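The values are calculated or read from the model by the stated rules, or taken from the named source; none is laboratory data. Computed from a prediction, not measured in an experiment: that's the story for all the values here. Using ideal geometry, Cβ is built from the backbone for each residue, glycine included, and neighbour counts are taken over all protein chains shown.
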Amino acid sequence: MRTGGTGRTRATGRTGSLWQHRNFLLLWSGQSVSEIGSSVTQLALPLTAVVVLRASTFQVGLLTAASTLAFALIALPAGALVDRWAKRRLMIWCDVARMVIIGSVPLAAALGVLTLGQLYAVAVTAGVGTVFFDVAYQSYLPEVVDREHLVEGNGKLGATQAFAQVTGPGLGGALTGLLGAARALAADSISYAVSVASLLAMEVREEARPAEGTRPRTTLRAEIAEGLSFVLRHPVLRKIVACTGTANLFGSMALALEIVFLVRVLRVRPADTGLLIAVASLGGVAGGLLAGRLGRRIGSARIIWYSLLVFGFPQLIIPLATPGWRLAAFPVGMVFFSFSAVVYNVAQVSYRQAICPPRLLGRMNAAVRWVVWGTIPVGGVLGGALGTLAGVRPTLWIAYAGCWGAGWWVFFSPLRHQRDFEDQPDPGDPADPGDPADPEAAGDLEDQRAPGSGLPGHSGGKLPDGAGPQLGD
């Protein structure tokens, strides 16, 4: 078990609870507020484009693409840089930058100078901050809690994301009705300030990095290649990445048309769109509450593909929604989509964190996000283009069918023949920072694990992980 100073002393001991862990509670509370604020923006930003600036379907698709463009462009170097820098300090500066960037929208609206070009600029620049923050964030949790609490910590943070998907859109809809779509974004700007305060209050001593003169000189390109190699040469990780990337491509197509579908096709009032999305997001909360139990009953390995192909199948009714009583098809289908996404994310995110050597966490997470989030801007553009050429409803049929079909990537992997990931003792951090485990030189999945990579958390407890608009992280 890694140890540290006062901040790194595990307040939870071995009782299995994080409720008395001061640093984790600060991280959790700050991110709870920030996640709700971001969920407000998820609704308010496209509503600002559609309602205030009268953006076309294609322009809304471009806005969706712009918000995630940074993941395709800078995620890989960001991961290598995150492994070099102090993660908490980096997260604080990212939050400060996004507070200013998002806050510029309600300010411009109040001055009467808001343009679609500014929304694109805000989406891209805030996305850069999100790239660095998210890569550091996923790599920071192992610095805060012990290995045996890793999945519990992921679960609590993920439960916050699922809860934010319920409360955020409803709050966004209420703020939109009260203040207007653009001014509603002020809530997200304030939430970043709260996150900054919570991070500043933490007392976590990150593990010391080797001094510049004592570690081998490596180029940024070599460090990036090492992270990519670890992901792409692992027989399970590469299928998980293919699955999530495919689902995010089609999910982004659907997301680009979601507001257009609700407002212009189903004729839902802008203030009511948040309520519908909030109801749909209840599936994520249910998935979070049941994920650990389902993993034990169905199997911690089997649940990864089962969650997508079985629990996710009813999402195909979403395009059947029409004005009137059949409007219910939208929230019902979305309930199943968000439920399956949360259950899927519980297993795959915790598995990734568990098998990766600590020194590679930033690069591994960045490599995964480069692929799985890199498909999102492509999906946004495709959704806007197909929605314009073929119509919104036919494009949604393609999008949700693609989301569901992505699960076959994981089905046709070594996971298909396994029920559970076998636990193994924690032999500690790797002594040799050499090349990652080579799947070609190993006989089975257990041999692919990095030292100290026994998968925690499947012995009990609830293991929710958040589901945002896309399938996975």
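What the table below lists for this structure:
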{"read-out": "The lone exception for Ala121 - which of (1) touching a residue at least 60 places away in the same chain (Cβ under 8 Å); (2) in a helix (DSSP H, G or I); (3) within 17 Å of Val50 (Cα to Cα) it fails", "value": "(1)"}
{"read-out": "Flag if Ser39 is at negative phi and surrounded by fewer than 23 Cβ atoms within 10 Å (Cβ to Cβ)", "value": "no"}
{"read-out": "Top-ranked residue in the range 190-214 [being in a loop (DSSP other than H, G, I, E, B) and touching a helix residue (DSSP H, G or I) at 6+ places or on another chain (Cβ under 6 Å); ranked as modelled with the highest pLDDT]", "value": "Met202"}
{"read-out": "Within the range 348-423, helices (runs of 4 or more DSSP H) holding 1 or more residues that are more than 23 Å from the chain's Cα centre (by Cα) and at pLDDT 85 or above", "value": "375-389, 392-405"}
{"read-out": "Residue among Gly292, Gly333, Gly251 that alone is out of contact with any Phe, Trp or Tyr (no Cβ under 9 Å at 6 or more places or on another chain) and in a helix (DSSP H, G or I)", "value": "Gly292"}
{"read-out": "Any hit, the range 172-181, residues being assigned to a helix (DSSP H, G or I), within 22 Å of the chain's Cα centre (by Cα) and modelled with pLDDT under 90", "value": "yes"}
{"read-out": "Conditions (1) out of contact with any Phe, Trp or Tyr (no Cβ under 9 Å at 6 or more places or on another chain); (2) under 18 Å from Ser338 (Cβ atoms); (3) at pLDDT 85 or above: number failed by Val260", "value": "(2)"}
{"read-out": "Within the range 232-244, tally of residues that are surrounded by fewer than 24 Cβ atoms within 10 Å (Cβ to Cβ) and either in a helix (DSSP H, G or I) or in contact with a strand residue (DSSP E or B) (Cβ under 8 Å, 6 or more places away or on another chain) (or both)", "value": "6"}
{"read-out": "Residues that are under 15 Å from Leu415 (Cα atoms) and polar (S, T, N, Q), drawn from the range 300-344", "value": "Ser300, Ser307"}
